[in-house]
Amino acid sequence: MTVTDIFTLWPSVSDLARDLGLKRESHGTLMKHRGSIPVGYWPRLLDAAARRGIQGLSYDVLVAAHAGAPPLANDDMAAASDVKAEGEHNLGCNNHKRAVNF
């Protein structure tokens, strides 16, 4: 789901703007144009979705939509948390290089 897809879940951008408590409906249009809903509005967005009976919207979906990637399934998230970035070391073991004291 993309940010644009999220906007299409509402009857109109104006309705979404009102649900988010935006002072101007044009701010909703600006969010849609930018392809980004500021994180501070996410709790209101999820509450509004629940009130409207909109299914399938969660923090994971919002993060993935803003990252441009599909959300990970729970099994995928567990596997991803075990993967270390290049150059990252498990400091709980002695297999990493220690800094030399000067």
Discussion item. Considering only the range 2-13, I want to know if a residue exists there that is at pLDDT 95 or above, in contact with a Gly (Cβ under 7 Å, 6 or more places away or on another chain) and not β-branched (V, I, T).
Written reply: no
Worksheet item: What is the residue count in the range 31-41 for residues that are over 13 Å from F7 (Cα atoms) and surrounded by 15 or more Cβ atoms within 10 Å (Cβ to Cβ)?
Response: 1
Worksheet item: Got a sec? Which of G35, G56, G68 is in contact with a helix residue (DSSP H, G or I) (Cβ under 6 Å, 6 or more places away or on another chain) and modelled with pLDDT under 95?
Response: G35
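If a residue must be within 17 Å of Y59 (Cβ to Cβ) and either in a helix (DSSP H, G or I) or aliphatic (A, V, I, L, M) (or both), how many such residues does the range 1-15 contain?
Start the filter on the range 1-15 by keeping residues that are within 17 Å of Y59 (Cβ to Cβ), which leaves 1-3, 5-6, 9.
From the residues that got through so far, the ones that are either in a helix (DSSP H, G or I) or aliphatic (A, V, I, L, M) (or both) too are 1, 3, 5-6, 9.
Number of matching residues: 5.
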Worksheet item: Any idea which of L46, L30 is out of contact with any Phe, Trp or Tyr (no Cβ under 8 Å at 6 or more places or on another chain) and without any contact (Cβ under 8 Å) to a residue 60 or more places away in the chain?
Response: L30
Worksheet item: When you go through R44, R18 one by one, which is the residue that is among the basic types (K, R), part of a helix (DSSP H, G or I), more than 19 Å from the chain's Cα centre (by Cα) and at pLDDT 95 or above?
Response: R18
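The values are calculated or read from the model by the stated rules, or taken from the named source; none is laboratory data. Note that the structure is a prediction, hence the values are computed from the model and not measured. Cβ: placed from backbone, ideal geometry, glycine included. Neighbour counts: every protein chain shown.
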